[in-house]
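**Q** First the structure, which I've put down as structure tokens, then a few questions once you've had a look.
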There are 2 protein chains.
Amino acid sequence: MAELAKVTGVPVATVKYYAREGLLHPGHATAVNQAEYDETHVRRVKLVQALLHLGRLSIADAREVIAAVEDDTVSLHDAFGVAQDAMVPDRDRGGPAYEAALADVDRFVRRHRLRVREGAAVRLMLADALVALVACGLAPDVKDLTSLFDESVASAVASATAEVATVPVTGRRTEQMEHTVVGTVTLDVAHSAIRRMALEHASAKRFGRRQ
Amino acid sequence: MAELAKVTGVPVATVKYYAREGLLHPGHATAVNQAEYDETHVRRVKLVQALLHLGRLSIADAREVIAAVEDDTVSLHDAFGVAQDAMVPDRDRGGPAYEAALADVDRFVRRHRLRVREGAAVRLMLADALVALVACGLAPDVKDLTSLFDESVASAVASATAEVATVPVTGRRTEQMEHTVVGTVTLDVAHSAIRRMALEHASAKRFGRRQ
């Protein structure tokens, strides 16, 4: 385990913590108090780090994602859905504004013929954002707010299709799942960073000093 | 304060907590143990909720954002930069892979002539994502990874420009800042949700059952 820590650059205590929390599968026992770790463990430690630090998932949500990664009794696409759901934080949701937002999201999904499951948590995630836009006074009401995003769908689908195409067709099922999960988390952060850079750029142009 | 809690739909204990943590400005004292709150307090409670729950900022980072919102000694654009920096989580960063990623990010910013400050934290945020892509085996090395995002820049700038254009020109400076901060956090989540919907759609098309 000391070597696993060394190779991954993660402290031994942290690796032990991951193992205790069910985020890291056991090594192959070779003797009492001795176990062998292989490159599946190295990859898993890196994945857990990405989920916790980059994706800022809770330990409980990370555990659900890992369970979906390892569950090969369901299809790859079904496991992908379970992992996606676990990546949306639990929150108190409800009330009329929230229901109206969710209905708007449902119309958005239908309007763009997106193959997104009826109960997918990502629908709640978009509704959360719409409710906050209204609560903070950036939009008068939630009615048809999703039309703001109609023009973003085509490019999002194009880039998602390219991303999903990089998942290896052959190779172990666990590796395919790891690939899709890491892709979701890292590219989420990358695209968010680029959006924020663009915001700073636009703010500089509108409010900054002349260059 | 009980009324502020009622109007915002947030428990009294939570409102008190925000005040104690310096996230909510004091009411106008009218008598011992009595204070008046106005619609600036209602807006602030909503903003803090968006930062903590939707943006998942720490209390310390939210406090920095609020300080930038209230600091009218610097220009709107400069305050925007301070708020943007506070919205990028602190992390341990360093090492050769990280330095290489940061150099790549700097080239990306120059290549697209983005007006992003030299030391902007959002550069670190993009570097974090690149390092994780390599660490998790989705890219062979960090060299020129930002080219993956070259085609996303134009649409990100167009949508950011539209977003910044909605910031009211007149009105109090604090309101303008609240607007930009809420816009960053909520639209980040909205765009991320749409990206994830597109991923599920693309996964369904590649790995799902025929419809």
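**Q** Pairs only if they're at least six apart or on different chains, beta carbon under 6 angstrom, first in region B:1-21 and more than 14 Å from B:R43 (Cβ to Cβ), second open to solvent by 40 Å² or more (accessible area, probe 1.4 Å) and small (G, A, S); list them, first residue then second.
**A** Note: pairs meeting the criteria are B:V12/B:A2.
**Q** Please state which of the following conditions A:L145 fails to meet, knowing it meets all the rest: (1) within 22 Å of the chain's Cα centre (by Cα); (2) buried (at least 23 other Cβ atoms within 10 Å of the Cβ).
**A** Every listed condition holds for A:L145 apart from (1).
**Q** Identify, from the list A:H25, A:H41, A:H112, A:H77, the residue that is of a type outside the set (A, V, I, L, M), touching a Phe, Trp or Tyr at 6+ places or on another chain (Cβ under 6 Å) and modelled with pLDDT of 90 or more.
**A** A:H77
**Q** State all residues of region A:89-137 that are open to solvent by less than 40 Å² (accessible area, probe 1.4 Å), closer than 20 Å to A:H77 by Cβ and not in a helix (DSSP H, G or I); if no residue qualifies, say none.
**A** Residues satisfying the conditions are A:L114, A:V116, A:A120.
**Q** Please work out which residue is nearest to the other protein chains (Cβ to nearest Cβ), limiting yourself to region A:159-175 and to residues that are part of a helix (DSSP H, G or I) and open to solvent by 20 Å² or more (accessible area, probe 1.4 Å).
**A** Applying the filter and picking the extreme gives A:T161.
**Q** Also, I was wondering about something else. Of these, B:Y18, B:Y37, which one is buried (at least 17 other Cβ atoms within 10 Å of the Cβ), over 29 Å from A:S58 (Cβ atoms) and more than 11 Å from chain A (Cβ to nearest Cβ)?
**A** B:Y37
**Q** Anything in region A:68-94 that is touching a residue at least 40 places away in the same chain (Cβ under 8 Å) and over 16 Å from B:F207 (Cα atoms)? List them, or say none. Even if it seems obvious, please write down each step before you answer.
**A** First pass over region A:68-94, keeping only residues touching a residue at least 40 places away in the same chain (Cβ under 8 Å): A:68-70, A:72, A:76, A:79-80, A:83-84, A:87.
Those that are touching a residue at least 40 places away in the same chain (Cβ under 8 Å) and over 16 Å from B:F207 (Cα atoms): A:E70, A:M87.
**Q** When you go through A:S203, A:S147 one by one, which is the residue that is more than 9 Å from chain B (Cβ to nearest Cβ), within 25 Å of B:L51 (Cα to Cα) and among the hydroxyl-bearing types (S, T, Y)? Walk me through it before giving the result.
**A** Values: A:S203 fails: more than 9 Å from chain B (Cβ to nearest Cβ).
Just one listed residue meets the conditions, A:S147.
The values are calculated or read from the model by the stated rules, or taken from the named source; none is laboratory data. A quick note: this is a predicted structure, and the numbers were derived from the prediction, not measured. We place every Cβ from the backbone using ideal geometry, glycine too, and count neighbours over all the protein chains shown. The protein model used for the area step is the full one, side chains on, heavy atoms only, and it has no ligands, DNA or RNA in it. Shrake-Rupley method; radii C 1.70, N 1.55, O 1.52, S 1.80 Å.
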